[in-house]
Structures are given as C-alpha cells and as structure tokens.
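The block underneath contains the structure these notes are about, expressed in structure tokens.
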Amino acid sequence: MNKIPLGVSQCLLGEQVRFDGGHKRNRYLTDVLSEYVEFRPVCPEVAIGLGVPRKPIRLVVMGDETRVRSIESPDLDFTAALVAQAELAVAHMPDICGYVFMQKSPSCGVFGMKRYYPNGFSADSAGRGAYAKRLIELMPLLPVEEAGRLNDAGLRDNFLTRVFAYHDFKTHVASAPTAKKLIDFYSRYKYQVMAHHVPSYFSIGRYLANLSARDIYTSSDEFFRLFMEALAHHATRKGNTNAIMHLRGYLKQHLDTRDKQELSQLIESYKAGRVPLVVPLTLLKHHLLKLDNPYLKAQTFWAPHPEPLGLRNHIIEDSQ
Ligand code: SF4
C-alpha cells in the first residue's frame, strides 16, 4: 500500500521549531504511524518568518474576533499571515488525508485553546489556533486530531479509521466517480458505518438508491460528506455489538449449538466491557470467512486500519 499523505505540526516530528527552540516529538507518530503515512510537516510560525527562538504569542479576543498577537508587543498581529499560510498549505498539499496538530498552540491548537482579553485576563470561552482554524474551514471533511488526544485509544481508533477511509475514497472513487464505484465502495463500508451511526447507515443507503437523478460528481461529493460525517461518530460498544449481531445473522444455518454459544458468550463479554473488540471479532471472522462470501470478506469492519497498529486490542471506553 502507498503511504498515506498526512499533514502534521512540524515540532511533533522532533524538529526544533518551537518558540523556545525545542520540539515536541511524538513517538507514536514517528515510530509507529510512520510505517503507514508520509508526513507533510508544516510549522506555520516558522513559515511566516517568526524565526526560532521567537517571542511567545497567544489568542486575544477582540470584539467578535480572535486574533493572534505577541504577548510582549500586543500591537504585533500575526492572524492574517497565519490564515494565509493555511491557504498556502491547502494549495500545496491537497492530497493529504488527515492532519495531526500540536495542542495548546495559538497557531496549531484545535480544541479548547485558551483565549485572553487585551487586558491579559483569560476569557471563559475557548478558541482555535488561527492556522488550524483556517485549514479546517477549507477542508471541512479532513480528519484532524491533536497529538495529545491520540493517547486516548478511542480517539486514536476513530481518527485513524477516518484517515484510512478518506484515503480509500480519494484513491478509488474521487477522481473518476461512477454510480457503480460509489455503490461498490459503500458496500465495503456498510457494517463499519452501521457500527458508527445507524441513522447514517440508512440515509446513505437511501441516497445511493436515487443516484441516477443527479450529476455523478455532485452525488460523489454529497456521498463523501455523508460518509465522513457518519464515521465522525464514534463506534461505541453498542454500535459495534449491533454490527456484530447483524453479521452473526449470516451464520444462522452454519453453526452448531456449541459454536453458537461460544460466539454469543464472547459478544456478551465485549458488550459488558470485559474483553476488547478483537476478541468476538476474531471468532466471528473465522466462521464467516469459511462461507467464502465476497461481500462479507470485503467488509472494512474487520480491519478499518492495519492490524499491526493493534487499535482493536484495547478496551475502549464509550465516554469519548
Ligand atoms: S505548534 Fe505549530 S507553530 Fe508551534 S512549533 Fe509546532 S508546528 Fe510550529
């Protein structure tokens, strides 16, 4: 498989581009994920000429706006330059299939960024780094995550599921969509989508049933939006169990009582949070693959990301 292009805050790769001359190397990215992705590193603050080391900056509430300003010299405003840098990044790397941002940065932070009033008091509401904000506006379906949040097994699983699905669609459908390609693509993801969000599972099915009424490029874009929004919902234990139960239905006539009981017990253990998803899934897959059914074999639900990443070996809490 070709490596997947992934945008990343440059300091996360161990490059000394932080305002204090340091870095924030993230070993999961550099030592594990690098097997599967090709990083496209950007340090927006260096790119706009702020240099290393540099004076610290922060998010400042100015009326309805959030600006990025120097702490020491509040008249120095870098917002427009950072926004322009995001626009340049999108133009230079339109092929990226995800982005990992550094948290707590007024340029790169995505979630819960602290903002300040011009008098230095902190504001109650949070903001988003100026570079990250503009990039997300320009690529709203792009899977994005903060490096710190990737320590959470559930968030990591969801982010990488979306990255691999995004890449799959861009590779196999997006450039030359046809009705058949869209339907074939979705048929591989049906149980994956069911595990993430049942209402989307039905609405996407209905949408694809009426494809001939619309221009294929419009249909492809709309399908992709529905699909990525579905995957943005987390696959909870309840959702995964639901998909597993539907898949188990294919085995009704093929398992003896003992095998049925063994499988049911493992599904119950997973549902109760005692074993990780990989446990019932391995047995289910073992039985289902014997049916030699191409539709079932092709389901991405078995492995939405490479198995060596081991993301399904964790007991993932549903609270995220
Ligand atoms: S967080 Fe963003 S702006 Fe800050 S050093 Fe890292 S890449 Fe550069």
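No lab work stands behind these numbers, since they all come straight from the coordinates. Worth saying up front: this structure is predicted, and the values here are computed from it rather than measured. Neighbour counts run over all protein chains shown; Cβ positions are idealised from the backbone, glycine included.
Applying the condition of being of a type in the set (Ser, Thr, Tyr) and in contact (Cβ under 8 Å) with a residue 12 or more places away in the chain to the stretch 79-124 and asking which residue is surrounded by the most Cβ atoms within 10 Å (Cβ to Cβ) yields SER107. I'd like the residue in the stretch 7-44 that is of a type in the set (Asp, Glu) and more than 9 Å from the ligand (Cβ to nearest atom) and, out of all such residues, is surrounded by the most Cβ atoms within 10 Å (Cβ to Cβ). The extreme case among them is GLU38. Taking the conditions (1) more than 23 Å from ASN26 (Cβ to Cβ); (2) buried (at least 21 other Cβ atoms within 10 Å of the Cβ) in turn, THR161 satisfies each one other than (1).
Entry remark, the stretch 133-156: residues being in a helix (DSSP H, G or I), within 9 Å of the chain's Cα centre (by Cα) and crowded, with 22+ Cβ neighbours inside 10 Å number 0 in total.
HIS172 fulfils the conditions (1) part of a helix (DSSP H, G or I); (2) away from the ligand (no atom under 16 Å from the Cβ); (3) touching a strand residue (DSSP E or B) at 6+ places or on another chain (Cβ under 9 Å) except for a single criterion, (3).
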